[in-house]
Every structure is written in C-alpha cells, then in structure tokens.
Amino acid sequence: MTAPAVNDQSAAAQVHIGRQPIYHGDRVYAYELLFRSHADARIASSRGASATGTIIHNAFAEFGLESLVGPRRCFINVTREYLTGQLPMPFEPGQVILEVLETVHVDDEVVASVIRLVESGFDVALDDFVIGSDHERLLDVASYVKIDLASAPESVLRPEVARLRERGLTLVAERVETEEDVAYAQDLGFHLMQGYALGRPQTLSMRTLGISQTRRLELFGALSAADLDLPRVVSLISTDPALALRVLQATNSAQTGLKRRVSSLNEAVTMLGVNRIRQWVSLMVLTDVTGVDQETLSGLVTRARLCQTVTDSLGGPGESGFMVGLVAGIADLMKEDVQDVVRRLPLDMSVAAALVEYDGVLGHALQSVRAYENWTTTPYVGGLNDRLAEAHLAAMVWSNRLVAEQAG
C-alpha cells in the first residue's frame, strides 16, 4: 500500500509572479508585483482585471506576501473593476499600495471609490502619470505618483516634479535604465526609482495544486446562499485538498498579527469569515487553476480521514487529525518539504509539530498511517490495532463518496 501517486500532468501545476524592486537611495523600499503567465516571461502579457486577480491570488494565497516582499511594501496594479468594487479587494490596508493604471478613465465613480479606499486606510499610487490627464483628479488623495523619465522633456518634467513635491506626494521615477538616468532622476528631485539600472524584474515560480472549477462554483454558490450552511461550506472545502490549502494560506495572509493558530478547517473558516472566503473563492474562479484528477483527490482525502479515525482512537482531537493528514498529503503531492508547507500556513503548534516532528498524539497518528500505507510495522493505534485495514477501507469509502458527490 503506497501514498497517493502524483499525476504530473494535472495534480501539480506551477504559478508565477513577477517582482521588480523600487529603490530609495541604495536600499530597496518596495517591490512592484507583476503578472507573469509562465516562468520564462519577461513582460506582462496582460494588464486587465484577470491579470490583477492572478497577481492578488498568487501573492496572497500561493507564495504568501511575506515570502515575496518581507516587511517591505508592494505596489499592485488595479483596474477600474477593483477600484469601484465590482471585483473584491480581499486584503486589508497596510502593506499593499494600490497602483491606479494609466488606462483607467477617472470619472466621478472612480474618484468617489478611490476616496473611500483611502478613507479605509489604503495608500494609492498613480501609474505612468501624464500631466494634464484626468488622473489629476486623484492627486488630492494619492500618496505616490509614478512618472516615466522619458515621458516629457526636462523643461516640462522639472517644474512638474517641483509642483508635485510641493503637494507632499512621493514621486517614483520609472524606466530608470542607465546610470545617467539615475543621476537625472536624483537631480530632478524624485524620491524613489524603478528601472533596469537598479533591478530588473524577476519571475518567481512555485508548484501548486489546482482546484476543480466545478467545486469552486459550488462553494461560491453555497457561500452566496441566504441561509448559509456553514457545515456544508466546511465539507466542500475539506473534500478538496487544494482548496483547503488556499483557505489556510488566505487565513494566514489576511490576518495581520494573527495571535491564534488554527487546528481545523472549521476554525480557519470561522476565523477568515464568510465574506473574505467568498472574495477569495471568486478570485479562484477568475484565475481558473487546473484541478487534480479524482483518483488522486480521493487518495489524499482517504489519508486525512484515516488520520482522523486513528486520532479519535488514540483519544486525540479528530478534526486536527484530519488536518494533519490533509497537509501531509498536500506536501507529498506538491513534492515539497512539509516544513516549507507548514511555514506558509497558520497551523496550531500541535498540528505543525505533528507534521514536522511526528510529535504528540497527532504525530503518532500520522506516523501510524504512513507506516500502514508503506506496509511497515504500524505503531500502537489504540483500539484500531486489529482493525486498521477495516478503518482504511471505511475511510476510502467515505472519501470516494464525498469526492463523487462534490464532483456532481
């Protein structure tokens, strides 16, 4: 008996994101996060709402903002749909600076929406600012203005930079391509600089699990119901390992200064909140990541269910046992060290210790299940010692039924 096999064609995929530093003097002040469709991409192939959704999803729910930018701030391009609330902005103010694309037509609706965002705590940057454009209407509420050094002659740029500095705006010089550009931007009076002379965009890639689009839509429907069935929501999430991973990562990203670690998906759903989960699921639908095949999915859920059963038999918390089995299976499927996966998730210390060190009753349960899967000597598992094969069969039946139900 072996652990679930990896299907390299559909079970694990790669996600990508671009990152370019923005300098203040000789130190990195912030990064701009950029859409990248593949690992070798050097430029963004899209700048629309879908690209913004992919950047947000990958930054928060895949890589984790801390691993991308550390304590620094980050600029994210946003389109009209995000500014006006047609698409969700599923993160809190603080580290992210909303960069209003130059393609956004600034009308009364956009002005009112940006004012609301600023009043709620967001900082706003104006991208590729053009003197005399309709983006002038946002200067009173913006914190940053980005200007292409080549967009106008010095006779125009110098007084414009002086005007904007007098308004208290932080100015970012874009397309700083040479050492001469660096000196020119400094002489003009820019505060920050971005361009090839200082740092080229870097494309980062990582392996990830996909999610069934059908399940996403079903979960979104369940979240949108007038009489929300929370156990149903938790059930939908728990039967899809990739979706469970996204929810846990979103919990970790969305909760700044998280003081309480989670030990079950039920806790994660409660902590994140229905509205925030609804926002993340809508982004998942938008980014449309490929799902794992049903056989692999059933194998992972079977392991999680068996870990839950063994944990119950040992007198431990069964829900946490399910979590341990699920995360262990996800790490195997992603061919990633479980310690790296644990580091990205807001897991209870007992769950993390079980996964990394096989510590405590949860670790004992996971070790027992792994031993059973690999046909090695199975440690003591309470009253299940003589019935582990029966428990495994029951877990398999339970898993197959639930996965089949979710697949419709």
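Tabulated values for the structure
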quantity: Some residue of the range 92-103 being at positive phi and either crowded, with 20+ Cβ neighbours inside 10 Å or modelled with pLDDT under 90 (or both); calculated: yes
quantity: Selection from the range 166-177 of residues that are surrounded by 12 or more Cβ atoms within 10 Å (Cβ to Cβ) and of a type outside the set (D, E, K, R); calculated: Leu169, Thr170, Leu171, Val172, Ala173, Val176
quantity: Boolean, Glu180 is acidic (Asp, Glu), out of contact with any helix residue (DSSP H, G or I) (no Cβ under 6 Å at 6 or more places or on another chain), closer than 21 Å to Arg27 by Cα and without any contact (Cβ under 8 Å) to a residue 40 or more places away in the chain; calculated: yes
quantity: Considering residues of the range 303-326 that are in contact (Cβ under 8 Å) with a residue 60 or more places away in the chain and of a type in the set (Val, Ile, Thr) only, the residue surrounded by the fewest Cβ atoms within 10 Å (Cβ to Cβ); calculated: Thr309
quantity: Residues of the range 116-143 classified as of a type in the set (S, T, N, Q) and over 29 Å from the mean Cα position of the chain (by Cα), total; calculated: 1
quantity: Any hit, the range 353-363, residues being at pLDDT below 85 and out of contact with any Gly (no Cβ under 8 Å at 6 or more places or on another chain); calculated: no
quantity: Residue in the range 34-50 that is surrounded by fewer than 20 Cβ atoms within 10 Å (Cβ to Cβ), at pLDDT 80 or above and part of a loop (DSSP other than H, G, I, E, B) present; calculated: no
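The values are calculated or read from the model by the stated rules, or taken from the named source; none is laboratory data. Computed from a prediction, not measured in an experiment: that's the story for all the values here. Neighbour counts are summed over all protein chains in view; Cβ atoms, including those assigned to glycine, are modelled from backbone coordinates with ideal geometry.
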